[in-house]
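The values are calculated or read from the model by the stated rules, or taken from the named source; none is laboratory data. Everything quoted here is computed from the prediction, not taken from an experiment. Methodologically, a virtual Cβ is constructed for each residue, glycine included, from the backbone with ideal geometry; neighbour enumeration extends over all protein chains shown.
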Amino acid sequence: MIPEIDIGPVELQTFGIALALSLVSCGLLAARRLRELGKPGDWAYEMVLAAGIGGVVGAKLDWIIQNPGQAFDGSLIDIVIGPGLVFFGGLLGGALAVAAWAYRRGFLGWSLLDLGGVGVALGYALGRIGCQLSGDGDYGVPSDLPWAMAYPNGTLPTTDLVHPTPIYETLAMGLVTVVLWNLRDRFAPGVLFGLYLVIAGLERFLIEFIRRNDAVLAGLTIAQLISVAMVVAGSALIAWRVRKARLATA
């Protein structure tokens with residue numbers, strides 16, 4: 001684990017570096033796709049800026065809601081810059097911010113959602129690298145597998161050998177990104193986003209079984225309940241968009 005990197009008097013958090021890398025990478029991917037769609041490539045950086053701000057705010061608010069005791073145990077500055085980001089809150093916050101931007105630009109539609117699905121998958125994969133390097137508590141339950149590892153120097157340390165779930169998720173969502181990107185022109189608009197919801201939902205649902213989160217309903221964690229909703233919504237969206245495309249060509 002490398003929670004921070006010191007460059008002279010400057011201390012850089014590795015999670016922040018990974019977050020910046022994910023935003024830049026998503027911007028490059030979005031710029032290429034926008035040009036393919038006949039839109040200005042520069043829009044990508046406006047979109048990523050909106051997603052980044054909305055995502056961080058949403059992720060922080062979600063963490064505060066789920067951990068009020070920890071959140072308000074320090075100063076306001078500690079709440080803002082301290083650890084604690086939740087992916088699903090970030091997804092909602094980023095989506096709302098991008099929707100507001102897209103409405104202003106007249107770009108609300110299925111093409112935006114399809115692009116968003118690929119972008120979120122890429123950002124998630126790269127963001128988990130930051131979780132691994134910082135040891136921020138996203139690791140899994142104890143394990144005796146050969147690749148299990150401890151996080152003694154993490155921001156939320158443990159000396160137990162545990163599943164390195166951030167590595168699992170980086171590999172899984174990296175593969176999902178490659179698959180979705182190569183399918184971007186194969187289906188009717190909206191189907192790609194539906195595929196993202198289904199695959200990402202399944203991935204998170206399964207990984208939760210070896211993470212440390214507590215069950216809240218029917219033996220499932222909050223993340224698993226949201227994942228089930230993602231799979232159902234994605235499946236319904238795929239069925240609807242495929243059916244509509246077939247009727248249009250009949």
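For this structure, a couple of remarks:
- Residue that is surrounded by the most Cβ atoms within 10 Å (Cβ to Cβ), among those in segment 142-166 that are touching a residue at least 60 places away in the same chain (Cβ under 8 Å) and assigned to a loop (DSSP other than H, G, I, E, B): G154
- Scan of segment 19-73 for residues that are modelled with pLDDT of 85 or more and of a type in the set (F, W, Y), ordered by number: W43, Y45
- In segment 1-27, the residues that are part of a strand (DSSP E or B) and either among the charged types (D, E, K, R) or crowded, with 17+ Cβ neighbours inside 10 Å (or both): E4, D6, E11, Q13
- Filter pass, E169 being in a helix (DSSP H, G or I), over 22 Å from E36 (Cα atoms), touching a Cys at 6+ places or on another chain (Cβ under 9 Å) and touching a residue at least 12 places away in the same chain (Cβ under 8 Å): yes
- Checking each residue in segment 103-161 for being basic (K, R) and under 19 Å from A18 (Cα atoms) picks out only R128.
- Selection count, segment 189-229, where residues are buried (at least 19 other Cβ atoms within 10 Å of the Cβ) and outside any helix (DSSP H, G or I): 3
- A search for C-beta distances below 7 Å between a residue of segment 206-224 that is among the small types (G, A, S) and any residue that is part of a loop (DSSP other than H, G, I, E, B) and at pLDDT below 90, counting only pairs 6+ apart in sequence or on different chains, returns A223/N213.
Residues are listed down the side, and each one gets a yes or a no for (1) at pLDDT 70 or above; (2) surrounded by 15 or more Cβ atoms within 10 Å (Cβ to Cβ); (3) farther than 29 Å from L12 by Cβ:
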{"residue": "L76", "(1), (2), (3)": "no, no, no"}
{"residue": "F87", "(1), (2), (3)": "yes, yes, no"}
{"residue": "R105", "(1), (2), (3)": "yes, no, yes"}
{"residue": "L113", "(1), (2), (3)": "yes, yes, yes"}
{"residue": "G116", "(1), (2), (3)": "yes, yes, no"}
